[in-house]
Each structure stands twice: as C-alpha cells, then as structure tokens.
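Here is the structure we will look at, set down as structure tokens.
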Amino acid sequence: MSISVHAQTTQLTLSEVVEMAKNQSISARQASTTKETKYWEYRTFLSNYKPQLTLSGNLPAFSRSFIEVRQPDGTIQFQPIRNNNSSLNLSLSQSIAATGGSIYATSQLQRFDDFDRKNTLYNGTPFAVGYLQPLLRFNSFKWDKKIEPLKFNESQQTYIESLEQIALRASGLFFDLLLAQVNLQIAETNLTNTQNILKVANEKYELGKNTRNEILQLQLELLKARKAVGVSKRDLEVASLNLKAYIGLQAEGKIELQTPAQPAALTLSSERAIEQAFANRSDAIAFGRRTLEAERAVAKAKGDNGLNATLTATLGFSNRGITVPELYRKPQDQQTVELQLDIPILDWGRSKSRTKTAEAQRQLTQYTVEQDKQNFQQEIYTQVTLFEMLRDQLSLTVQADSIASEKYRIAQDRYVLGNLSITDLSISFTEKDQAKRDYIYALRDYWGAYYKLRQLTLYDFETESKLK
C-alpha cells in the first residue's frame with residue numbers, strides 16, 4: 001500500500017485490500033470473537049474431565065422456632081428451640097469417562113449448638129473415599145468425548161472459511177470501485193476526445209466538408225459525455241465509501257486501485273479440490289459429527305428407557321465429640337453401600353416409541369448426510385469447471401480489449417481524414433468502452449471464482465498449501 005501525501009490518495013492492490021479486510025474489518029472481528037467463544041466452550045468441556053475440588057457448607061445455620069413434640073399420653077406440645085447446625089464439606093472428585101461414574105474423596109465437619117441447654121456437639125468424617133457408578137444408563141461423558149473435539153475442530157475451520165468469505169466480499173467491493181474508477185476514466189477520455197472531434201468537425205463544417213446533422217450529433221455526444229462524467233463521479237464516491245467501510249480503512253482522501261495483472265495460469269484438478277475440501281472444510285467434519293449425534297440420541301433413548309440403577313459405595317472414618325480434636329482421635333470405621341433402582345413397569349409404549357423415534361431420526365440423518373456429501377462434491381466440481389471457463393474467458397477479453405482500442409484509434413484517425421461517418425465513429429466509441437468494461441468484469445469473475453474456490457476447499461492452489 002502506498003499513500004501520496006500531496007494528492008492524499010491511497011493506492012491499493014487487490015491482495016492489500018483482501019488482507020486489510022481479513023485483519024481489521026468488523027466481519028473479521030466478529031469471526032475472531034466467535035472463534036474465541038468456541039475455544040472457551042471447548043475448555044469448559046475439557047474441565048469436566050479434570051479433578052474437581054469443592055468446598056460446600058451451611059455456615060451459619062441458626063434456627064429459632066417451635067417444633068412439634070408428642071407427649072407420652074399421645075398429646076402434642078410445641079416446644080421452643082434455638083440452635084445452630086453448621087456444616088462444612090471439602091470434596092475432591094474425578095469423573096471416569098469410560099464408565100460414566102465418578103470417584104471422590106471427602107472430609108466433613110458438623111457443629112451443633114443447643115443455645116437453650118448450652119450444649120455443643122461435633123460430628124465429622126475426617127476422611128472418606130467413595131465411588132458412584134450409574135448402571136445400565138446413558139453415559140454422556142463417553143459421547144461428549146467423541147463429539148466435542150469434532151465441534152471444536154469444526155469451529156476452527158469455520159473461522160478460516162469466514163476469513164475466505166471476507167476475502168470474497170472484499171474482492172467484490174474492490175472490483176466495484178475499480179469498475180467505477182475505469183468508468184470515470186472512460187467518461188473523461190470520451191469527453192476530451194469528443195471535444196477534440198467536435199472542434200475538428202466545426203472546422204470541416206466551415207469548409208463545407210460535413211453536414212449540420214453531424215455537428216448536432218457530436219454536440220449530443222458531448223452532452224452525453226458530460227453527463228457520463230457526473231454519473232461516474234457519483235458511482236466512484238459510493239463505491240469508495242463502501243470499500244472503506246468494509247475493510248476498515250480510516251485514511252482520508254481518495255483510493256486509487258491498481259488493476260490486477262492477468263493472473264498466471266493455474267492447473268486445477270476436480271479430484272484434488274474435492275480431496276482437499278474433505279480434508280479441510282468444516283462441513284466435512286460436520287458430516288461425522290452429525291452422524292455421531294444421531295447415534296448418541298439413540299443411545300440416550302435406550303439408556304433412559306430401561307432399568308436405571310446407581311451403585312454408591314463409601315469407605316472412610318467418622319467420629320463425634322464435644323471438641324474438634326476428639327473427632328480425629330480413634331475415629332470409627334464407616335462403610336456405606338447403596339443401590340438405587342428405577343424400573344418402569346407400565347409406560348404404555350412410551351419407552352419403545354422414544355427409541356424408535358431416535359432410530360428413525362438416525363436413519364434420516366444418515367440419508368441427509370449422504371445427500372449433503374454428494375452436493376458438497378458437486379459444488380466443488382462445478383466451481384472448478386466455472387473457474388477454468390472464466391480463466392479462458394479472461395484471456396479472450398484481454399484480446400478483445402486490445403482489438404477494440406486499436407480499432408477506435410483507427411476510426412478516430414479516419415474521421416479526421418474525412419473517410420468515416422460519425423455513426424461508425426460512435427460505434428467504435430461504444431465498442432472500445434464496452435471492451436474495457438468487459439475486461440474488468442472478466443477480472444472480477446475470475447478473482448471471485450478464485451476466492452470462492454479457496455473458501456470451498458480451504459486450500460491455496462498457488463502455493464499448494466492448506467489455509468491456516
């Protein structure tokens with residue numbers, strides 16, 4: 001990028017515009033923020049498989065009320081109470097993804113104060129270890145460990161695709177401004193040429209070598225040329241503002257774009273492009289992720305429909321006393337084993353319906369993914385074919401632009417010499433201008449197809465490397 005201080009004109013190439021859009025546009029910042037959000041979501045997932053240290057408790061736990069007390073004769077009396085029943089629990093737990101269970105260690109301390117009787121008691125578990133294992137139930141840890149890394153990788157590739165989408169949009173705005181710039185150059189050149197030709201025509205008219213109708217025709221062309229200059233200046237200003245706003249360019253003054261040179265020929269293979277797309281695209285990762293999510297839904301439906309049981313086992317020490325140190329002197333063994341059961345007896349086919357629904361959805365997902373894979377390949381194949389066609393079209397428009405420019409120069413000279421009509425000269429005007437515009441359109445289509453192909457494959461075919 002170069003900036004002319006005197007003219008306050010910023011000169012930019014296509015590659016510079018694309019890089020500015022990727023680095024400082026609002027769209028780029030949005031894509032970066034989305035990527036960061038997905039990163040922290042993945043970090044949250046990873047933390048679920050790390051040891052968790054937790055301190056919980058009720059401190060204080062003061063109570064002042066009346067409680068119901070049944071008397072020996074069967075009557076009820078409401079006795080006032082005033083106490084504090086505080087507790088603290090420090091626990092360390094670790095999930096086990098393979099089984100869906102968790103192992104934990106804990107230490108508990110409880111203090112009870114009876115303010116009415118001025119009595120204080122302590123109860124505690126100095127140390128205990130335990131294991132909690134769901135039986136015949138859905139294991140979310142196992143499935144998350146398969147799916148969440150895919151979602152994270154998918155988000156990373158989505159970010160790269162977003163940058164390529166930004167490049168595609170920036171290239172479109174680049175050529176909008178370049179076309180407006182070329183249109184203004186054409187309009188100003190035509191205005192100058194028309195003025196010169198009108199001057200020559202007036203001299204010939206005074207000599208009786210042309211008609212009044214030709215003078216009027218040239219005067220009309222002059223008015224049209226002046227109007228074209230005004231319209232082109234307006235379009236140039238609008239296109240310049242649009243490009244500046246999108247790429248985040250804060251520089252004042254005008255932008256002068258450099259017309260890209262005719263690109264070097266790239267030899268592309270549809271098979272190579274499809275191979276890179278499956279290796280790099282987020283959609284390719286999503287194919288596997290969507291299939292796994294459908295499998296997870298079936299596993300969850302089956303796991304939640306049958307016998308649900310949870311086995312809990314704890315081994316440790318516990319004690320009581322009137323002071324805290326007493327809890328740690330000769331604590332008593334503590335063991336607990338508990339099996340909780342949940343057995344559906346009659347659900348009127350609800351469990352079976354849920355499972356069948358999940359299985360049908362899995363089948364639908366498999367068909368949909370297969371169709372999406374075919375569309376995925378077809379889109380890339382079509383884009384490669386389009387790119388090759390546009391590359392050939394660009395070569396033809398370069399030749400057409402050169403021929404039209406030469407033809408116009410010859411027509412201009414012939415008119416001055418008096419052996420060409422004003423109508424033929426106007427036709428040469430139009431052909432020259434259209435050939436120049438067609439060249440810019442061809443450049444735009446070529447680079448648009450190029451950046452679209454990069455987005456579809458996340459592969460740089462010039463350097464033969466993956467986009468990062």
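Relative to the longest principal axis of the Cα atoms of the chain, helix 422-457 runs at roughly 20 degrees. Relative contact order, whole percent, for region 49-162 stands at 21, derived from Cα pairs under 8 Å and 6 or more residues apart.
Within the same chain, aspartates and glutamates fewer than 8 places from Lys373 are excluded, and of the rest, those with a Cα less than 19 Å from its Cα are Glu154, Glu161, Glu271, Glu275, Asp283, Glu293, Glu295.
Close amide H contacts of Ala61 (hydrogens built in the peptide plane, cut-off under 5 Å, sequence separation of 5 or more or a different chain): Asn85, Ser86. Residue by residue, region 310-326 carries 3J(HN,Hα) couplings of 10, 9, 10, 9, 9, 9, x, 10, 9, 6, 9, x, 9, 9, 5, x, 5 Hz when phi is fed to the Karplus relation 6.51 cos²θ - 1.76 cosθ + 1.60 (θ = phi - 60°); x denotes Gly or Pro. Region 62-76 and region 116-177 have their alpha-carbon centroids 50 Å apart.
Take every DSSP beta bridge whose two residues both sit in the chain; close to 95 percent of them are antiparallel.
Taking only Cα atoms, what is the 0 to 90° angle, nearest 10, from helix 350-417's long axis to the longest principal axis of the chain? With rounding to tens, the tilt is 20 degrees.
Distance from the alpha carbon centroid of region 299-330 to that of region 188-213 works out to 104 angstrom. Exposed loop sites are taken as GluC sites (Glu not before Pro) in a DSSP loop (any state but H, G, I, E or B) with at most 13 other beta carbon atoms within 10 Å; the longest stretch of the chain without one runs 1-251. Rounded to the nearest 10 degrees, the inclination of helix 212-247 to the longest alpha-carbon principal axis of the chain is 20 degrees.
Computed from phi, the 3J(HN,Hα) profile of region 267-276 under the Karplus parametrisation 6.51, -1.76, 1.60 (θ = phi - 60°) reads 9, 10, 10, 4, 5, 5, 5, 5, 4, 5 Hz, with x in place of Gly and Pro.
Output the pairs from Lys142/Lys468; Lys209/Lys407; Lys22/Lys142; Lys38/Lys244 with a Cα-Cα distance over 27 Å in this structure; if there are none, say none. Present the calculation step by step, with values, prior to reporting the outcome.
Values: Lys142/Lys468 30 Å; Lys209/Lys407 24 Å; Lys22/Lys142 38 Å; Lys38/Lys244 30 Å.
Violating the 27 Å Cα-Cα cut-off are Lys142/Lys468; Lys22/Lys142; Lys38/Lys244.
Whole angstrom only: what separates the Cα centroid of region 38-60 from the Cα centroid of region 441-464? For region 38-60 versus region 441-464, the Cα centre distance is 45 Å. In terms of its C-alpha gyration tensor, region 66-146 has a prolate overall shape, because the principal axis ratio a/c (a ≥ b ≥ c, square roots of the eigenvalues) is not below 1.5 and a/b outweighs b/c. For Lys233, a cut-off of 14 angstrom between C-alpha atoms picks up these aspartates and glutamates, skipping any fewer than 8 places away in its own chain: Asp176, Glu188, Glu256.
In the chain, what percent of the accessible surface is made up of carbon and sulfur (1.4 Å probe, ligands and nucleic acids excluded)? Percent of accessible area from carbon and sulfur atoms in the chain: 53. Solvent exposure of region 37-141 amounts to 68 Å² per residue of accessible area, where only protein heavy atoms count and the probe is 1.4 Å. Take every Cα pair under 8 Å whose residues are at least 6 apart in sequence, average their separation, divide by the length of the chain, and the relative contact order is 19 percent. Separation of the alpha carbons by more than 20 angstrom is noted, of Lys118/Lys330; Lys302/Lys356; Lys50/Lys300; Lys199/Lys224, for Lys118/Lys330; Lys50/Lys300.
The values are calculated or read from the model by the stated rules, or taken from the named source; none is laboratory data. All of these numbers come straight from a predicted model, not from anything done at the bench. Heads up, the Cβs are rebuilt from the backbone with ideal geometry, glycines too, and the neighbour counts pull from every protein chain shown. Just so you know, the surface numbers come from the protein's heavy atoms only, side chains and all, with ligands and any DNA or RNA stripped out. Shrake-Rupley method; radii C 1.70, N 1.55, O 1.52, S 1.80 Å.
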